[in-house]
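Here is the structure we will look at, set down as structure tokens.
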Amino acid sequence: MQIQVLPLPEEKMKAKFSDESQLGFGKLFTDRMFIAEWKAGQGWVDARIQPYAPFSLDPACLVLHYAQEIFEGLKAYKWQDGSIALFRPEMNARRFNHSADRMCMPEVPEELFLDGIRELVRLERDWIPSSPGTSLYIRPTMIAVEPILGVKPSDHYYFYVILSPVGAYYASGFNPVKIMVEDKYVRAVKGGTGEAKTGGNYASSLKAGLDAKKKGFDQVLWLDGLERRYIEEVGAMNMFFAYGNKVVTAPLDGTILNGITRNTVISIAEKLGFTVEERKISIDTIMADIKSGKISEAFGSGTAAVITPVGALCYKDETAGIGDRGVGTLTQKLYDTITGIQTGQIPDSFGWVNKL
Ligand SMILES: *Cc1c(COP(=O)(O)O)cnc(C)c1O
């Protein structure tokens, strides 16, 4: 499909950041956005890149009432030679369509998804920061915009992409986080929407996150929705536990997000000679194995922070420090390897890098 590029008037151009260390995450957006519309009977129409601007939405439109919405998250990196790279964007395209299917939304052709992103990033390249750890965060989103209060799939959607220059996640050092294991609220159940990247999953997780913050923890580790016994995932990260030369993570059984960083971690760990087990593991076993020292490291994986070292877990008011509460050697190695490949400092033997 042809992507129309609309002019960007001078007065719509924003002032660029002057200090990359002040960027933070998702607070600043670039000058342009990509948008395409899907209409029943017509399919995808009117793909265009236009000045970044608010939408005018009918107050009755479906996304505002019944949360028919999906999104993705990936990054563009500016390499030292000035070239630009995406990391495994076709995986985001496939997952987006998996989420779309679950939420009864139309599939976005992979080519439209990727061309829209690539063309937009190319036009907005001056917005990509270049100091270590920074990147351009890419947020593809689809919303249901038909104005009707009857509960049904929409007959009109916007698929759009916005861009946000983001700062180094670990500006103040690669610091281990403290995580609270949630034993009251649940995030997902089998048959639910846990596997879809959809806004409602986040809305329903806010309460637990707030409670954890009040108690002095950074994030929540979810347990399975049925028995509240098996490890699932953390906020917007998949979770890994290292036992010496073995790494354990929850299986993709429909309740957790199929993380692209999770998949990347598994491939690299296996290449480093680790055995990776995707299996159910109970929180009681985890707590016992942390206390006995069998678990040597724990970390989360996700696009925003890449790898997050976990220093301690708290379950039913008992806190257990992991290892020496520092950053484990595998955790550090994975972080260095993945960010090295993403930024062109380490050769990509996996075929993950997608240059613009
Ligand atoms: C996006 C997300 C992740 C991480 O996925 P990545 O592809 O690695 O960024 C993990 N859990 C949830 C709930 C998510 O929404």
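Derivation of every value follows stated rules applied to the coordinates shown; laboratory data play no part. Model, not experiment: these values are computed from the prediction. Quick reminder, even Gly has a Cβ in these numbers, built from the backbone with ideal geometry, and neighbours come from all protein chains shown.
Taking the Cα centroid of segment 91-169 and of segment 47-80, what is the distance between the two, rounded to the nearest whole Å?
6
Among 158, 77, 43, which residue has its Cα furthest toward the positive end of the charge dipole of segment 4-166, with +1 on Lys/Arg Cβ and -1 on Asp/Glu Cβ?
77
Where in segment 159-195 does the label zone of residue 131 land, with the point 7 angstrom along Cα→C-beta and an amide N cut-off under 14 Å?
Residues passing the 14 Å test: 166-173.
Pairs of alpha-carbon atoms within less than 8 angstrom and 6+ residues apart define the contacts here; what relative contact order does the chain have, in percent?
18
Determine the equivalent ellipsoid of segment 177-342 by diagonalising the alpha-carbon gyration tensor, then write out the semi-axes as square roots of 5 times the eigenvalues, largest first, rounded to whole Å.
Computed over segment 177-342, the values are 23, 19, 15 Å.
Beyond 17 Å, what share of the Cα-Cα pairs of segment 178-262 remains, rounded to the nearest whole percent?
Pairs farther apart than 17 Å: 46 percent.
Give me the distance in nm between label points sitting 7 Å out from Cα along the Cα-to-Cβ direction at residue 203 and residue 15, one decimal.
Going from the residue 203 label point to the residue 15 one covers 3.6 nm.
Over the chain, what lengths in whole Å, largest first, do the semi-axes of the equivalent ellipsoid take, defined as the square roots of 5 times the eigenvalues of the alpha-carbon gyration tensor?
35, 25, 18
Determine the relative contact order of segment 4-166: mean sequence separation of Cα pairs under 8 Å and six or more apart, normalised by residue count, in whole percent.
The value is 34 percent.
Using a Förster distance of 45 angstrom, determine the FRET efficiency expected from the C-beta separation of residue 280 and residue 6, and round it to 0.05.
Working from the Cβ atoms, E equals 0.35.
Averaging over all projection directions, find the projected area of the Cα convex hull of segment 4-166 and quote it in nm² with one decimal place.
10.2
Does anything in segment 50-81 have its amide N under 18 Å from the 7 Å Cα→Cβ label point of residue 149, and if so which residues?
58-68
By the scheme Lys and Arg +1, Asp and Glu -1, what is the net charge of all other residues having a beta-carbon under 10 Å from that of residue 12?
Around residue 12, the surrounding residues sum to -1.
I need the peptides 159-166, 303-310, 109-116 ranked by packing, meaning the mean over residues of other C-beta atoms within 10 angstrom, with the highest value on top.
Answer by packing, highest mean first, reads 303-310, 159-166, 109-116.
If you average the C-alpha positions of segment 212-274 and of segment 183-200 separately, how far apart do those two centres end up, in angstrom?
15
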